[in-house]
Structures are given as C-alpha cells and as structure tokens.
Amino acid sequence: MEFQSTREETSSHYSAARVIKQGLAEDGGLFVPESIPALSYAEIEELRHLDYPTRAAKILGKYLTDYTEEELLADCRAAYAETSFRGGAAPLVALSDTLFSLELWHGPTAAFKDMALQIMPRLLSRALGKTGEARTALILVATSGDTGKAALEGYKDIDQIKIAVFYPENGVSRVQKLQMQTQEGKNVYVAAIKGNFDDAQTGVKKIFSLPLAAETLNEKGYFLSSANSINWGRLAPQIVYYVSAYCDLLNAGKLNLGDKMNVTVPTGNFGNIFAAYLAREMGLPIGKLVCASNENNILTDFLRTGIYDRNRAFHLTMSPSMDILISSNLERLLFFAAGAARTREYMRALSKDGKYTVAPDVKAKIDEVFCGYFADEKVTAATIHDTMRDYGYLADTHTAVGISAAKQYMTETGDKTPMVVASTASPFKFAADVYASLYGERPGDPLAALSMLSEKTGAEIPYPLCGIDRRTVRFSDVIAPENMLDTVLAFADK
Ligand SMILES: *Cc1c(COP(=O)(O)O)cnc(C)c1O
C-alpha cells in the first residue's frame, strides 16, 4: 500500500512509515492511500470473534503494509491494554433498540483523542527504524487543552521520541492545567505561555519554520515533528472502532451480516468522521454518515449548500473541541469526491478568500453518504437533560451534540436503521456544563463539579480524573513566547 498527496495526481508515492514520520506532503496536501483496501463479509465474520487489539491490528495491516503483523499486534496490545482502557477500548452501549453510543473515552485522558494517540507514537517510533532515521523525534505541541494531554500520555516513555507541550497560561480549564502539570514520563516537558492559544500556536509554528532551529536541533541529534490530527498515523486507528462497533452489533443480535448501520459523529476537524467514511468505502455496511456540529456549524452549511465559507463569527461553546472553522481533514474527502486538481483549486480559494464552492457532481457524491445537522447551546443542554430522562444515559456536551443530530436525522427522514453515535468525551471532562444541563444550577468550583456529578448520578469518575488535585505538580514553568525556542533547545539537552 502506498500513499499520495491530496493535491497531486500520482507523481510521488510514499510508504506508510514515511507518511507517519513526515505528517504533511511537501506540496501542503494531506496523505491519502492510493486505493482503499477492501473489507469482505468473511473478514467481518472473522473479526467479530476477536478482541479489540486484534481487530485493530488486522485493519491497520491493510494500510500499514510495511509493518509486520507481529509489530502491529504488539503495538495494538500495548496501546489498548486494560490498564489504560479500563472497561474496554470502544464499548458500545445501547440507549434504545435503534440508538447506540460508541464510547471512545475510556483511555488515559478520558477523551476520544486517546484512541489514536495511544497507538500513533508507537507507529512513529517504528517508522524511525523503518526509514533509517537515527535522530530522535522532538514533538512540539501547542494546545488549547485536550490534545496536549492526550499527546503527552501517548508519547511518554516511547523510544527515540521527546515531547514538549505549550498551553496558554489562562486559556485552559483548571482540570486541564492540572492534568498537564502533573504529567509523568522521562521524555516530556510542559510549559505555560504568557499569552493566549494563538500566541502558543504561533510560537510553535515559528520554531518549525526557523532554519536555525532545525540546524541547531539537527546538530544535537533531533528533528522536529508534530502530533497533528492530519497525520495519517492518527487517522488510520480511528477506522477500527467503526468496524468494531459493527461487530459488536452483530454479536448483540441487533444486526445480521450485511444489514446497514448509520453513524453520527460530533465533528470538529473532520478526522473522526472521515475515518467512518473510509470504513464505509472499505465495505463496512454503513448507510448514512451524519456530521454533527455545534453553533460553529460551517460543516452543516457546507453539506447542505456545497459552499464552504469560513467568513463568519466564531462561537465559544460548551463543546470546545468542536469550536473550529477550518476542518482540515475535509480535504481528504474532497480528494476522493473531486480528485487532486479540483482539491488544489478549492484549497487555494480557501486560503485566498476563506471560501470555496464545490461543483454539482462533487456535491452529489458527498450527498450520497453525508448529511449535516447542528445543535446550538440550548439544544445541547436540553439533549443532555432528555438523554438522562429518556434513557438514563449520561452524555457529555460533545456526545449530546451528536445525539441531537442523530435524532434530527431520524425524525426528519424516518430512517429506522440502527444509529451509532460516536461518544467522544467522558461527561466528567465537562462536569460543570453537564451538571448545569441536568440540574439547572452551575457548580462554582470546576473540581467540585466532578464529585457533585458523581454523587447525583451515581456514575463513577473515570480514573484519569480521580484525585487529580492531589497529584504532584512536575511542570510549573511560565514562559514568554519569545523564549520558547531557548526552552526547547534546553529540553533537547536534558
Ligand atoms: C477532537 C474532538 C472532537 C472532534 O473530532 P474531529 O476528528 O476533529 O472531527 C469531538 N469531540 C471531542 C471530545 C474531541 O476531543
């Protein structure tokens, strides 16, 4: 299996290891597989009897053909071990006969980013060997909260890799800050930046673009790398849990092999839902993909009109991981629906005018698979409340956006196909908003909200968030953006 850029027809080919190491193609495009491997019914029949790590290794093996079966199985077993995913990697919970929640947040940071970030560092570490790379990869991350912690947990103590994470001093929640400051691992570094998320992001981008930084790091035996959600190494592992959910529906007798399921995904960068699209293209019987957005409903508009227009107000919502106006992974869908030449045009228009319109044939292709719905803040809060009332199920703010979209779709179309909603975060990660939605009053202290929510609902606080205020703070540096490079160089010397 070889990979190519979304922005050129076929000229360059890359191995999976190279793609995972490199992240982005030279022409600014994203890496996509040159063809989509098939998943037969016979294979699904086999997969349904296997555990999650084995399902994962088999599916990843279709894309990462330069990794051996043994390597992939060892990495998947380590990544999705019971010790980090207590209660299973991706359990499917039935809310009703037709509505299911695919819980992707049982990992070490209680959000779905763990599903990819627990395995991707292991794949990168192997990619260094496969590409003959002797230097150590130095991962730099600017984070507005969740990604930083998930990356730290994923990369900690992985061979030939170090990771430094920068977050805005006053731009993350108290829980998020504590999660990062108390991070364990020999190869990690965390600092707060005096400034906002943009300052942290700009600082990281500047280090990536400075030739002097690359040279100095090279002399020290390092090269820079990123943990972006556009890396193929983050996307591929996300295909697995859709296949796994289908297997679980078969095993529960909710479907017969060949029957369709629908899938709803609370969407930000379009990575998670694109993985579902790939599963469908591989042959997994998926009917519709419902793209769920919050008030930042640029994707709802795009799927309804064919016009992607980022010239609009940006809203801060209670589902912050979906507060996004540029969904980078959408470029991968454009490639499959429109081809490389038109994708290049659309991306050029997006960076020049902040806007593009897809051709009618492209829109028609996308319409066959996708539809878009959104939930504003009021609807999201009401959905959290009603989901508890109607099913006794505790949904986080992102999942509630998904459940709302799924219900809008089912009501509007009358489609009775079983619907799987990707549940992307533990409700305890957004405990204050969930509590307020359920009981009409907001806990004053975000840490106290965790135990208040647990006491009222009887649900257990997930282990990554338990006793977080009692852990030892290891990282308390607060630095000015102009000192980021020096800080990174000093970390490299450690
Ligand atoms: C990242 C994230 C999303 C959005 O996923 P994309 O792949 O960016 O579309 C949704 N919910 C939560 C909790 C997340 O952390």
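The values are calculated or read from the model by the stated rules, or taken from the named source; none is laboratory data. All of these numbers come straight from a predicted model, not from anything done at the bench. Methodologically, a virtual Cβ is constructed for each residue, glycine included, from the backbone with ideal geometry; neighbour enumeration extends over all protein chains shown. Just the protein is used for accessible areas: all its heavy atoms, side chains included, with ligands, DNA and RNA removed. Shrake-Rupley method; radii C 1.70, N 1.55, O 1.52, S 1.80 Å.
Just so you know, the Rg over Rh for the stretch 399-494 is 1.18, from Cα atoms, with Rh as the Kirkwood radius. At the listed q of 0.24 Å⁻¹, the Debye profile of the stretch 449-494, built from one uniform point per Cα, gives log10 I(q)/I(0) equal to -0.87. Projected over every direction and averaged, the convex hull enclosing the alpha-carbon atoms of the stretch 334-439 yields 9.0 nm².
Legend: Rg and Dmax of the stretch 312-356, from Cα coordinates, 12.7, 38 Å. Computed with every protein chain present, the accessible area of H398 is close to 10 Å² [probe 1.4 Å].
The stretch 203-239 and the stretch 318-375 have Cα centres separated by 25 Å.
Normalising the Debye intensity of the stretch 243-294 to I(0), with uniform scatterers on Cα atoms only, and taking log10 at q = 0.13, 0.30 Å⁻¹ returns -0.31, -1.17. Considering only DSSP beta bridges where both residues belong to the chain, give the percentage that are antiparallel (nearest 5). Of all bridge pairs located within the chain, approximately 25 percent are antiparallel. Averaged per residue, the chain has 38 square angstrom of accessible surface, using a 1.4 angstrom probe with ligands and nucleic acids left out. Round to a whole angstrom and tell me the spacing of the C-alpha centers of the stretch 385-446 and the stretch 82-123. Between the Cα centres of the stretch 385-446 and the stretch 82-123 lies a distance of 17 Å.
Note on the chain: the alpha carbon radius of gyration divided by the globular reference 2.2 N^0.38 Å gives 0.93. Rounded to the nearest 20 debye, the dipole size of the chain about its Cα centre is 340 debye, using +1 on the Cβ of Lys and Arg and -1 on the Cβ of Asp and Glu.
Surface composition of the stretch 260-392: carbon and sulfur make up 52 percent of the accessible area, probe 1.4 Å.
Each peptide among 425-434, 308-317, 342-351 gets the average number of other Cβ atoms lying within 10 Å of its residues, and from highest to lowest they stand as 425-434, 342-351, 308-317. Placing a pseudo-label 7 Å from each Cα along the Cα-to-Cβ vector at T83 and N170 gives an inter-label distance of 4.1 nm. When all protein chains stay in place and ligands, DNA and RNA are ignored, the 1.4 Å accessible-area order of W232, W105, largest first, is W105, W232.
In summary, the stretch 1-103 shows an alpha-carbon radius of gyration equal to 1.31 times the 2.2 N^0.38 Å reference for compact globular proteins. The accessible-area ordering, largest first, of the residues E153, E331 stands as E153, E331, per a 1.4 angstrom probe. Applying a DSSP loop filter and a limit of 11 other Cβ atoms within 10 Å to the trypsin sites (Lys or Arg not before Pro) in the stretch 130-189 leaves K186.
Mean projection of the Cα convex hull over all viewing directions, computed for the stretch 62-170: 9.2 nm². Rolling a 1.4 Å probe over the protein heavy atoms leaves Y463 with an accessible area of roughly 70 Å². Measuring r between the beta carbons of K194 and K416 and using R0 = 45 Å, the FRET efficiency lands at 0.25.
Estimated from helical segments only, the mean residue ellipticity of the chain at 222 nm is -14000 deg cm²/dmol, where each DSSP H run of four or more residues counts as -39500 (n - 2.57). Residue-wise HN-Hα couplings along the stretch 64-74, as the Karplus relation 6.51 cos²θ - 1.76 cosθ + 1.60 with θ = phi - 60° gives them from phi, are 9, 6, 8, 9, 7, 4, 5, 4, 5, 5, 4 Hz; Gly and Pro carry x.
Just so you know, the Rg over Rh for the stretch 147-233 is 0.96, from Cα atoms, with Rh as the Kirkwood radius.
Taking each of K162/K186; K254/K288; K130/K494; K288/K429 in turn, the alpha-carbon distance tops 20 angstrom for K130/K494; K288/K429. Separation of the stretch 1-31 and the stretch 49-67 by C-alpha centroid, Å? Using only Cα atoms to place each centre, the spacing works out to 21 Å.
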